[in-house]
Structures are given as structure tokens and as C-alpha cells.
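Heads up, the thing below is written out as C-alpha cells.
The values are calculated or read from the model by the stated rules, or taken from the named source; none is laboratory data. As the structure is a computational prediction, the values presented were derived from the model and not from experiment. Cβ coordinates were reconstructed from backbone atoms using ideal geometry, including for glycine residues, and neighbour counts include every protein chain displayed. Quick note on the areas: whole protein, heavy atoms, side chains included, nothing else; ligands and nucleic acids left out. Shrake-Rupley method; radii C 1.70, N 1.55, O 1.52, S 1.80 Å.
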Amino acid sequence: MAGPPDDREDVELGVKTKPKTQRPPMYKVLLLNDDFTPMEFVVHVLERLFAMSHAQAIEIMLTVHRRGIAVVGVFSHEVAETKVMQVMELARRQQHPLQCTMEKE
Ligand code: TYC
């Protein structure tokens with residue numbers, strides 16, 4: 001910064017500088033349980049769209065099955081929206097009632 005400290009524009013104008021630690025908001029992608037979607041289909045979706053290992057996918061699927069809901073990943077708004085759409089589209093094509101949603105972190 002050129003000049004003495006009180007020459008700085010933000011000091012003179014009293015403009016608040018945004019903290020450097022500010023990050024864009026992130027979104028949790030959530031998978032919901034239902035009584036009809038086959039477990040293997042949920043595992044397949046988690047492997048294919050969330051790049052999980054088979055073991056990880058089984059673990060998350062079982063968490064959703066037992067607890068009703070689980071976070072499957074945290075992404076930017078755009079990526080989260082795309083993931084939700086892809087899950088819903090795969091489920092729709094196979095006529096499974098699987099539900100996926102997103103929520104601001
Ligand atoms: N509850 C389903 C069953 O017993 C399996 C399931 C798991 C469905 C996770 C949805 O997000 C889900 N077949």
C-alpha cells in the first residue's frame with residue numbers, strides 16, 4: 001500500500017474491508033430414507049455420483065436407512081444443485097421414490 005496508513009482509502013472513507021477469511025456459502029447434500037428404494041440402488045448412486053468406495057457407500061446408505069437422513073457431501077451451490085438433480089433423475093428413471101435435497105451449511 002502506497003503512502004502513510006491514514007492515506008488508505010478504507011480508513012479515510014470508513015469503508016469496512018471484508019475479512020480475508022470469508023468463503024462462499026457451502027451446501028450439504030442430504031439423502032432421505034424411504035421404504036421402497038432398493039439398498040443396492042442407493043449404493044450404486046453414491047458410488048457413481050459421489051465417488052464413494054463400495055464400503056463408504058454401504059456405510060452412508062445404512063446410516064440413511066437407520067436414521068432417516070444423512071449428509072452425503074458438502075459442495076458449492078452449483079455443484080450441490082447438480083448432484084441433487086442427478087440423483088433425482090437416476091431415481092426417476094428407475095421409478096424409485098428416493099429423495100435428495102440440499103441445505104445451506
Ligand atoms: N430403506 C430402504 C430399504 O429398506 C433403503 C434405503 C436406504 C432407501 C437409503 C433410501 O436413501 C435411502 N430398501
Problem set entry | In segment 26-44, residue surrounded by the most Cβ atoms within 10 Å (Cβ to Cβ) [restricted to those that are touching a His at 6+ places or on another chain (Cβ under 9 Å) and among the hydrophobic types (A, V, I, L, M, F, W, C)] | Val42
Exercise. Since Lys28 meets every condition but one in (1) modelled with pLDDT of 75 or more; (2) assigned to a helix (DSSP H, G or I); (3) more than 9 Å from the ligand (Cβ to nearest atom); (4) not β-branched (Val, Ile, Thr), which condition does it not meet?
Worked result: (2)
Problem set entry | Filter result (farther than 16 Å from Leu98 by Cβ and open to solvent by 80 Å² or more (accessible area, probe 1.4 Å)) within segment 45-65 | Ala51, His54, Gln56, Glu59
Seminar exercise, completed: Counting only residues that are more than 9 Å from the ligand (Cβ to nearest atom), assigned to a helix (DSSP H, G or I) and closer than 25 Å to Pro25 by Cα, segment 53-88 contains a total of 12
